[in-house]
Every structure is written in C-alpha cells, then in structure tokens.
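A.B. asks: Could you have a look at this structure, given as structure tokens, before my questions?
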Amino acid sequence: MSPSTNNQTFYSSLLTQDCLVHELEKLQIVYHRPSGQTHILAEDSGIILKSLEPSGQTLNQLITHLTQSYDLFPTHGIEQDLNDRLSDLARLGLVHISSSS
C-alpha cells in the first residue's frame with residue numbers, strides 16, 4: 001500500500017505497544033521490541049510520534065495538531081515533507097499506515 005496525502009490514509013504511532021523510549025537531550029532513543037533494533041531519532045521525529053494518536057490520524061489532522069501545539073505556520077510542501085517522514089518511521093516499524101475504504 002502506498003501512503004497518500006488524502007483523508008483516507010491514517011497514521012498511528014506504535015510507540016505505546018511495541019517500543020521502549022528514552023529521551024536524551026533533543027534525541028529519542030527507541031528500542032523496537034519486535035525487531036530488537038534500537039533507533040536514535042531526531043527531535044522532530046520524536047515530536048511527530050508523540051503527536052500521533054494510537055487510533056490514527058490523517059495527515060491534515062496531524063498538521064493541524066502540530067501547528068497548534070507548537071505555534072508553527074504551515075509552509076508550502078509541508079504535506080510532502082511530513083508524509084516522507086511518516087513513511088520513514090513506518091519503514092522502521094514505529095508508525096502504522098492504514099487506509100479506509
């Protein structure tokens with residue numbers, strides 16, 4: 001399944017059920033139990049993971065949450081940048097991507 005930026009794609013964090021997380025300054029150290037791998041994430045990836053609801057959010061819902069919570073202004077291309085980061089986190093097993101029909 002290829003993630004898209006429409007409202008039919010949902011992203012959810014797998015941190016609560018599959019990972020142990022330790023914060024170290026501006027980094028997050030994430031131990032992914034199923035794979036046995038440890039990931040070191042930059043601050044922005046940690047913020048994205050913390051912002052995702054376990055039940056899932058659309059890309060637009062996540063952008064709204066991030067801009068309101070962190071007093072940010074959405075910029076041109078933010079959807080693609082965020083979608084790319086979410087896809088990277090999904091490849092690591094830290095985000096689940098699903099779609100509704």
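A.B. asks: In the range 32-46, what residues are part of a helix (DSSP H, G or I) and surrounded by fewer than 17 Cβ atoms within 10 Å (Cβ to Cβ)?
C.D. replies: GLU43, ASP44
A.B. asks: Taking only the range 24-41 into account, find how many residues are within 16 Å of ALA90 (Cβ to Cβ) and hydrophobic (A, V, I, L, M, F, W, C).
C.D. replies: Of the residues in the range 24-41, the ones within 16 Å of ALA90 (Cβ to Cβ) are 30, 32, 34-35, 37, 39, 41.
Now drop any that are not hydrophobic (A, V, I, L, M, F, W, C), which leaves 30, 41.
Residues meeting the conditions: 2.
A.B. asks: If you don't mind, there's one more thing I want to ask. Within the range 50-82, which residues are of a type in the set (A, V, I, L, M, F, W, C) and in contact (Cβ under 8 Å) with a residue 24 or more places away in the chain? Working first, answer last.
C.D. replies: Residues of the range 50-82 of a type in the set (A, V, I, L, M, F, W, C): 52, 59, 62-63, 66, 72-73, 78, 82.
Correct list: LEU52, LEU59, LEU62, LEU82.
A.B. asks: Of the residues that sit in the range 61-74 and are assigned to a helix (DSSP H, G or I) and touching a helix residue (DSSP H, G or I) at 6+ places or on another chain (Cβ under 8 Å), which one is surrounded by the most Cβ atoms within 10 Å (Cβ to Cβ)?
C.D. replies: Initial filter on the range 61-74 (assigned to a helix (DSSP H, G or I)): 61-69.
Retained after the next criterion (residues that are touching a helix residue (DSSP H, G or I) at 6+ places or on another chain (Cβ under 8 Å)): 62-63, 65-66, 69.
Details: LEU62: 21, ILE63: 18, HIS65: 15, LEU66: 18, SER69: 11.
The qualifying residue surrounded by the most Cβ atoms within 10 Å (Cβ to Cβ) is LEU62.
A.B. asks: Out of all the residues in the range 47-60, is one or more part of a helix (DSSP H, G or I) and modelled with pLDDT under 85? Before you say what the answer is, go through the steps one by one.
C.D. replies: If we filter the range 47-60 for residues that are part of a helix (DSSP H, G or I), which is where we start, we get 47-51, 59-60.
Still in the running and modelled with pLDDT under 85: none.
No.
A.B. asks: On to the next question. Quickly run through the range 64-90 and pick out the residues that are closer than 13 Å to TYR11 by Cβ and either at pLDDT 90 or above or of a type in the set (D, E, K, R) (or both). Write out each step before concluding.
C.D. replies: First, the residues of the range 64-90 that are closer than 13 Å to TYR11 by Cβ: 65-66, 79, 82-90.
Listed by number, the residues that qualify are GLU79, LEU82, ASN83, ASP84, ARG85, LEU86, SER87, ASP88, LEU89, ALA90.
A.B. asks: Applying the selection to the range 1-36, what residues are modelled with pLDDT of 75 or more and aliphatic (A, V, I, L, M)?
C.D. replies: Step one: filter the range 1-36 for residues modelled with pLDDT of 75 or more, giving 8-15, 19-36.
Within the range 1-36, LEU14, LEU15, LEU20, VAL21, LEU24, LEU27, ILE29, VAL30 meet the criteria.
The values are calculated or read from the model by the stated rules, or taken from the named source; none is laboratory data. Please read all numbers here as calculations on a predicted model, not as lab measurements. Because the Cβ atoms are built from the backbone with ideal geometry, glycine has one as well, and the counts that use them run over all protein chains shown.
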